[in-house]
Amino acid sequence: MEKLVVEGGLPLAGEVDVAGSKNAVLPVLAAALLTREPLRVGNAPRLVDVESMLGVLRDLGCEAVRRDDGSLAVQAPSSPSQRTDWELVARMRASFCVLGPLVASTGRAEVSLPGGCALGGFRPIDIHRKGLEALGARVNIEGGYVIAEAPSGGLRGAEMYLGTAFGSSVTGTANVMMAATLARGRTVIQGASCEPEIVDLGHCLQSMGARIDGLGSPRIEIEGVDELHGPDWDVIPDRIEAGTYAIAGAMTGGRVRVRGCRPEHLTTVLERLREARIPVEVGADWIETQAFDPRSPDERPGPTDITTHPFPGFPTDLQAQWMALMTMAEGRSVITERVYPERYMHMAELARLGADVRREGALALVCGTPRLSGAHVTASDLRASAALVLAGLVAEGETHIHRVYHIDRGYECIEERLGALGAAIRREQAE
């Protein structure tokens, strides 16, 4: 098992390019099941999660390869398998996105209950089931598998509400939207996810011939079509990766330009950075933190409260990284997690580095400290591991981050990219 070793205290400087969005590319790949023509996906990041999704698609009978130019090519067979391998789906929750397109295109799908990051609580598949049942599918859970069967004549359009107590469901919206593209008649999804990744999936489906209106709003209308085609599609840049590198620049006080991103996808984060007195400039497709001394009494970041919400609110996937930044602030910050209320498993590890953090219900209280000190810490999930890397960049001495396989799920060669900015970071075998 590998670990990352980070030597803190070095300001970052330079430029870093943002890779394609992990959360966008995974459902786009699943959309290949909706057509029998090849789907080419450009700007596809080289991530463990992407390889896991390709493994699921290959297990269903698809041809899936990465071309020399870095793009992915996926073609479903005329008769895909209708049952996924349990071990493959258990690795990653997003692989559950094959359920909707598979039942829509073949009439039946048997998909294992999903795995993925442990975010401190069980994430049920109720919304997926509710949406597919509204389209006429019979959905049961047997032996750890979700079994969905379309009625005679195929799925049929319907009106439904897919909101939850914690906001809209991203994967639920993706699954139902893909299934509805081949349903007979008109489907209206109320409470749909507005996330940029859902908008990107919808635009990809439109390029395949789907008839979809309302993308980016809580109400999506879909008029079913008889067939879809295989386009070339470039996924959007990864806004969470962009936000992570921007926070890294802010924490180290370096001039770091994050290139190839979409700042409009991070409006709330940029507002909070400015509120925290972080000098930052923004262009059409870049974000740049400016040089300053974050440990100087006159320039330390200011305490800034955040509450996570679905887009366009503060992203839950940047909550842990923001907490790492606030450990340096001059004063107390309050973080409220509204999307995954138990997503605070990184707090104990930040405390091992000397952070003054504690939890009160759904709130996390962060009191800034003058210094952090390196230690051995353990990552519990993808974004927690990123937060620990960021904290390691500013901690005195060496920070050893164990279970680094988490970070490889969502960040492409993070040690190389941070190293190019001047970070002292290396990958080693753990004892």
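The values are calculated or read from the model by the stated rules, or taken from the named source; none is laboratory data. Since this is a predicted model, take the numbers as computed values, not measurements. Note that each Cβ is placed from the backbone with ideal geometry, even for glycine, and that neighbours are counted across all protein chains shown.
So, restricting to strands (runs of 3 or more DSSP E) that lie completely within the range 244-327, which ones have at least 1 residues that are of a type in the set (Lys, Arg) and closer than 26 Å to ILE407 by Cα? Give the derivation first.
Values: elements: 256-259, 280-282, 286-289.
Strands (runs of 3 or more DSSP E) meeting the threshold: 256-259.
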- prompt: Consider ALA276 against the criteria (1) of a type in the set (A, V, I, L, M); (2) surrounded by 19 or more Cβ atoms within 10 Å (Cβ to Cβ); (3) closer than 24 Å to ASP17 by Cα: it satisfies all of them except one. Which criterion is unmet?
  reply: (3)
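Would you check if TYR145 is more than 29 Å from SER217 (Cβ to Cβ) and in the same structural domain as ARG184 (by TED's automatic domain parsing)?
yes
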task: Could you list, in sequence order, all residues of the range 223-241 that are surrounded by 21 or more Cβ atoms within 10 Å (Cβ to Cβ) and not in a loop (DSSP other than H, G, I, E, B)?
output: TRP233, PRO237, ARG239, ILE240, GLU241
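Suppose the filter is over 25 Å from ASP317 (Cα atoms), modelled with pLDDT under 95, assigned by TED's automatic domain parsing to the domain that holds THR173 and touching a helix residue (DSSP H, G or I) at 6+ places or on another chain (Cβ under 6 Å); does ASP49 pass it? Spell out how you get there, then give the answer.
Details: over 25 Å from ASP317 (Cα atoms): no; modelled with pLDDT under 95: yes; assigned by TED's automatic domain parsing to the domain that holds THR173: yes; touching a helix residue (DSSP H, G or I) at 6+ places or on another chain (Cβ under 6 Å): yes.
It is false that ASP49 is over 25 Å from ASP317 (Cα atoms), modelled with pLDDT under 95, assigned by TED's automatic domain parsing to the domain that holds THR173 and touching a helix residue (DSSP H, G or I) at 6+ places or on another chain (Cβ under 6 Å).
Counting only residues that are in contact (Cβ under 8 Å) with a residue 12 or more places away in the chain, in a loop (DSSP other than H, G, I, E, B) and over 16 Å from LEU325 (Cβ atoms), how many does the range 345-374 have?
Of the range 345-374, the ones in contact (Cβ under 8 Å) with a residue 12 or more places away in the chain are 345-347, 349-350, 352-357, 359, 362-374.
Those left that are additionally in a loop (DSSP other than H, G, I, E, B): 345-346, 353-355, 362, 368-372, 374.
Of the ones still in play, those that are also over 16 Å from LEU325 (Cβ atoms) are 345, 362, 374.
Total meeting the criteria: 3.
Counting only residues that are part of a loop (DSSP other than H, G, I, E, B), surrounded by fewer than 17 Cβ atoms within 10 Å (Cβ to Cβ) and modelled with pLDDT under 95, which one in the range 124-151 is nearest to the chain's Cα centre (by Cα)?
Residues of the range 124-151 part of a loop (DSSP other than H, G, I, E, B): 124-125, 135-137, 143-144, 150-151.
From what's left, surrounded by fewer than 17 Cβ atoms within 10 Å (Cβ to Cβ): 124, 143-144, 151.
Add one more test, that the residue is modelled with pLDDT under 95, and what stays is 124, 143-144.
Numbers: PRO124: 18, GLY143: 28, GLY144: 25 Å.
Ranking the qualifying residues of the range 124-151, first place goes to PRO124.
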task: Consider only pairs whose beta carbons are under 9 Å apart and that are at least six residues apart or on different chains; among these, list those whose first residue lies in the range 249-263 and is surrounded by fewer than 24 Cβ atoms within 10 Å (Cβ to Cβ) and whose second residue is basic (Lys, Arg).
output: ARG262/ARG239
message: Can you list residue pairs whose Cβ atoms sit under 8 Å apart, with the first residue in the range 65-87 being more than 18 Å from SER21 (Cα to Cα) and touching a residue at least 24 places away in the same chain (Cβ under 8 Å) and the second being β-branched (Val, Ile, Thr) and in a loop (DSSP other than H, G, I, E, B)? Count only pairs 6 or more apart in sequence or on different chains.
response: ALA76/THR35
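Out of curiosity, is ILE198 in the same structural domain as ALA44 (by TED's automatic domain parsing), assigned to a helix (DSSP H, G or I), at negative phi and of a type in the set (Val, Ile, Thr)? Show your work before the answer.
Working: in the same structural domain as ALA44 (by TED's automatic domain parsing): yes; assigned to a helix (DSSP H, G or I): yes; at negative phi: yes; of a type in the set (Val, Ile, Thr): yes.
Spelling it out, ILE198 is indeed in the same structural domain as ALA44 (by TED's automatic domain parsing), assigned to a helix (DSSP H, G or I), at negative phi and of a type in the set (Val, Ile, Thr).
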